[in-house]
Amino acid sequence: MHVKESIKINDRELTIETGKIAKQADGAVMVRMGDSMVLVTVVAAKSANPSTDFLPLTVDYVEKSYAAGRIPGNFFRREGRLSEAEILTSRLIDRPLRPLFPEGWFFETQVVATVVSHDRSQPTEPLAQIGASAALMLSDVPWSGPVAGVQIARIDGAFVAWPTMDQLLDSDMDINMVASRDAIVMVEGELDNLDEETLVNALFFGHEAVQPVLDLQEKLRAAVGRAKRPVPVLPDNSEIMARVRAVGTAPLISALSNKEKLPRYAALDEAKKAIVAELAPEFEGKEKAIGACIGDLKYEMVRALILHEKKRLDGRGLTDVRQITCEVGLLPCVHGSALFTRGETQALVTATLGFGTDNQKMDLLTGEELRNFMLHYNFPPFSVGEAKMMRGPGRREIGHGTLALRAISKVLPSQEDFPYVIRVVSEITESNGSSSMASVCGGTLSLMDCGVPLKAPVAGIAMGLIQEGSDIAVLTDILGDEDHLGDMDFKVAGTATGITAIQMDIKVLGLTRGIMSQAIEQARVGRLHILGKMAETLAAPRPELPEHAPRVYTIQISQDKIRDLIGPGGKMIKGLCEQSGAKINVEDSGLVSIATADSEAGQWVVKRIKALCAEPEVGRVYAGYVTRILDGTGAIVEILPGTDGMCHISELDNTRVANVDDIVREGDQVNVLLVEIDRIKGRLRLSRKRALDADPATIIHGLDE
């Protein structure tokens with residue numbers, strides 16, 4: 001059944017269409033706003049793998065180059081593996097969908113969002129989120145939707161929902177959020193150092209904005225929605241649970257009393273083995289169910305400890321931040337380094353300064369983009385005491401690195417003030433909660449150690465929530481277990497005066513404005529505490545770059561002189577690089593950057609470029625060299641690199657000259673006044689005799705630089 005429904009959003013129309021394309025999928029919709037279109041499909045396996053006891057959900061967001069009238073820029077000229085941008089959007093779709101599948105849904109499920117048309121105006125991420133929800137709503141897959149994605153901007157103090165790309169350029173925030181009818185489900189975004197109240201207002205503005213989109217999905221489901229498959233009935237383990245509670249409470253309490261992660265995990269493993277061994281004869285063949293009940297009991301106990309006793313696994317109070325230690329400059333050969341440790345989470349972070357050619361070239365759907373700041377996050381298995389194959393960064397690592405990048409990028413100096421390419425690498429060496437926020441703190445310290453003039457230091461903290469009915473506990477600086485067993489993971493990064501980046505995932509419905517405000521305020525207090533600890537180690541960027549870091553010198557030349565600087569086949573600029581050992585980058589605007597660790601070499605290159613690109617000025621005296629003698633006529637004198645002129649025999653001396661050789665010879669240095677420039681023929685007329693009495697301080701030595 002072909003159905004197409006639309007609503008008006010701002011001055012554009014949002015359309016969801018189904019029943020025309022991909023009809024063999026369990027659910028398929030085409031979402032359109034403006035001329036941007038995203039096809040979203042859902043397919044779930046008809047049977048579950050008996051050995052699977054988790055939700056096997058896969059979400060892929062794919063941008064097709066043809067959607068924007070482009071051919072892929074890679075060697076194969078076809079789409080390959082997902083880019084970082086596509087992976088990040090896949091996560092933005094996955095995170096709000098996952099908590100809404102029913103418990104016991106162990107069927108392989110795949111959501112694919114394909115951008116098939118892009119008008120280079122309308123961002124497609126929220127369209128893909130809306131489409132994923134709509135496709136699930138129309139399918140036979142049981143799922144507790146709908147939800148809807150929205151992008152939020154703020155322009156001149158006013159919030160804008162679903163802004164265009166041009167509007168985002170004028171915005172001081174870029175937030176992507178997903179909300180249901182009653183709750184905010186997921187948030188990710190960046191802000192220009194804005195206050196907490198502005199963030200809360202933006203989120204609830206977004207929640208209100210998505211309500212018509214939820215109505216639209218409900219209308220579609222009423223028209224063509226399929227009957228849902230029955231949710232698999234989980235086995236009744238109440239009898240096993242009662243016995244686990246009776247036998248396992250005491251050993252689990254004892255194990256959970258260990259305040260350190262690894263001893264606690266070891267004690268929990270021993271307790272689990274003992275409980276299973278005791279109950280296995282009683283429930284033969286149900287060891288897996290016993291283990292699941294032990295996990296459920298642990299879940300109950302940890303949450304009860306926090307809610308009723310106001311105690312946490314490591315002994316802290318609800319608002320306490322773990323012990324923090326900072327160290328900078330510990331790696332002698334890198335440009336900047338820091339070791340940030342918070343409790344059992346530790347990040348070794350480095351900062352490296354590069355040059356224009358070191359920037360990252362991104363082949364995006366909207367075209368090629370060059371990035372001068374990179375932040376890479378690595379999570380090796382040893383950080384959690386495991387041994388695993390290392391196969392490069394996964395989706396989680398890419399997501400955490402991007403969150404830290406957003407947080408720090410807001411305080412970086414402009415390229416005009418600090419013309420470097422910057423790469424920060426965070427190596428997580430220990431992990432027990434919020435390693436991405438440790439990367440923000442360590443990244444800030446490493447950049448300041450490197451001498452990067454940040455506008456302000458940035459720190460990050462992760463907040464958690466435990467909610468059972470009216471009992472609520474908001475946790476500051478959560479552990480890994482508190483993230484896993486809790487109802488919210490809310491990461492906030494910012495300066496002492498405002499927020500620069502946020503990421504939030506919520507597992508419960510009905511998160512009130514009061515709870516949200518409390519969490520954000522606790523995060524602010526915790527962030528200020530961490531910034532204070534960081535300042536004890538390094539309060540401000542070092543006044544100078546490290547000795548072995550490259551120095552970048554910049555000079556602006558006329559665009560007409562770019563060709564002269566580069567030379568035929570790049571001969572001139574290659575020669576400068578070889579003679580000085582410097583790297584030289586020339587932009588189309590005429591901005592020339594020179595990078596070298598040798599300051600004398602850098603200054604020499606600057607002088608040479610100034611000479612090469614100098615414009616000859618009438619009335620100035622130049623120290624030139626005779627390059628050719630014209631018998632009976634005069635001499636050709638080079639006054640600037642690649643620039644020469646004619647000094648007529650009558651202009652060689654104050655007296656009559658019979659032979660040019662009597663005054664100058666080829667190779668002689670001679671001072672000449674530039675008398676005239678013939679702009680049409682490109683000829684210069686020079687005079688030696690008018691420069692005889694020139695003040696030495698005014699003579700331009702353009703060839704001797």
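The values are calculated or read from the model by the stated rules, or taken from the named source; none is laboratory data. Values in this document were obtained by computation on a predicted structure and should not be read as measured data. All Cβ positions, glycine included, derive from the backbone under ideal geometry; neighbour counts span all protein chains shown.
Within region 566-579, track down each residue that is within 19 Å of G602 (Cβ to Cβ) and more than 35 Å from the chain's Cα centre (by Cα). Answer for region 566-579, where residues must be within 19 Å of G602 (Cβ to Cβ) and more than 35 Å from the chain's Cα centre (by Cα): M572, G575, L576, E578, Q579.
Among the candidates E416, E430, which residue alone is of a type in the set (D, E), over 26 Å from A523 (Cβ atoms) and surrounded by fewer than 23 Cβ atoms within 10 Å (Cβ to Cβ)? Just one listed residue meets the conditions, E416. Report yes if V321 is modelled with pLDDT of 90 or more, part of a loop (DSSP other than H, G, I, E, B) and over 30 Å from D483 (Cβ atoms), otherwise no. No, not satisfied. Those strands (runs of 3 or more DSSP E) of region 1-56 in which at least 3 residues are surrounded by fewer than 21 Cβ atoms within 10 Å (Cβ to Cβ) and either modelled with pLDDT of 95 or more or in the same structural domain as V141 (by TED's automatic domain parsing) (or both), considering only elements entirely within it, cover 3-9, 12-18. Filtering region 498-523 to residues that are under 27 Å from the mean Cα position of the chain (by Cα) and either of a type in the set (F, W, Y) or part of a loop (DSSP other than H, G, I, E, B) (or both) leaves G498, K507.
Residues considered: L318, L297, L353, L307. Of these, the only one that is within 30 Å of R542 (Cβ to Cβ) and either touching a Gly at 6+ places or on another chain (Cβ under 9 Å) or surrounded by fewer than 19 Cβ atoms within 10 Å (Cβ to Cβ) (or both) is L353.
Scan region 683-705 and give yes if some residue there is crowded, with 19+ Cβ neighbours inside 10 Å, closer than 30 Å to V605 by Cβ, touching a Leu at 6+ places or on another chain (Cβ under 7 Å) and modelled with pLDDT under 90, otherwise no. Checking region 683-705: at least one residue is crowded, with 19+ Cβ neighbours inside 10 Å, closer than 30 Å to V605 by Cβ, touching a Leu at 6+ places or on another chain (Cβ under 7 Å) and modelled with pLDDT under 90. For region 122-150, the candidate set comprises residues that are assigned to a loop (DSSP other than H, G, I, E, B) and of a type in the set (A, V, I, L, M); within that set, the residue that is surrounded by the fewest Cβ atoms within 10 Å (Cβ to Cβ) is V141.
Of all the numbered requirements in (1) crowded, with 21+ Cβ neighbours inside 10 Å; (2) in contact with a helix residue (DSSP H, G or I) (Cβ under 7 Å, 6 or more places away or on another chain), R406 misses one, and that requirement is (2).
Scanning region 451-493 for residues that are in contact (Cβ under 8 Å) with a residue 60 or more places away in the chain, over 16 Å from R322 (Cβ atoms) and in contact with a Lys or Arg (Cβ under 6 Å, 6 or more places away or on another chain) yields G451, I466.
Of the residues making up region 336-369, just one is at pLDDT 90 or above and among the basic types (K, R), namely R342. No other residue among S599, S650 is among the polar types (S, T, N, Q) and farther than 22 Å from L565 by Cβ apart from S650.
To keep it simple, each residue is scored yes or no on (1) part of a helix (DSSP H, G or I); (2) touching a residue at least 40 places away in the same chain (Cβ under 8 Å); (3) outside the structural domain of V421 (by TED's automatic domain parsing).
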| position | (1), (2), (3) |
| --- | --- |
| G532 | yes, no, no |
| E544 | no, yes, yes |
| I555 | no, yes, yes |
| D560 | yes, no, yes |
| D564 | yes, yes, yes |
| G569 | yes, no, yes |
| M572 | yes, yes, yes |
| C577 | yes, no, yes |
| I584 | no, no, yes |
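Conditions (1) in the same structural domain as K561 (by TED's automatic domain parsing); (2) in contact with a Ser or Thr (Cβ under 6 Å, 6 or more places away or on another chain); (3) of a type outside the set (S, T, Y); (4) modelled with pLDDT of 90 or more, marked per residue:
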residue	(1), (2), (3), (4)
K607	yes, no, yes, no
T627	no, no, no, yes
L630	no, no, yes, yes
G645	no, no, yes, yes
E651	no, yes, yes, yes
T655	no, no, no, yes
I663	no, no, yes, yes
N671	no, no, yes, yes
R679	no, no, yes, no
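Has region 274-284 got at least one residue that is under 41 Å from the mean Cα position of the chain (by Cα) and touching a residue at least 40 places away in the same chain (Cβ under 8 Å)? The answer is no, given that none of the residues of region 274-284 is under 41 Å from the mean Cα position of the chain (by Cα) and touching a residue at least 40 places away in the same chain (Cβ under 8 Å). For region 613-661, residues that are over 60 Å from the mean Cα position of the chain (by Cα) and assigned to a loop (DSSP other than H, G, I, E, B) total 11.
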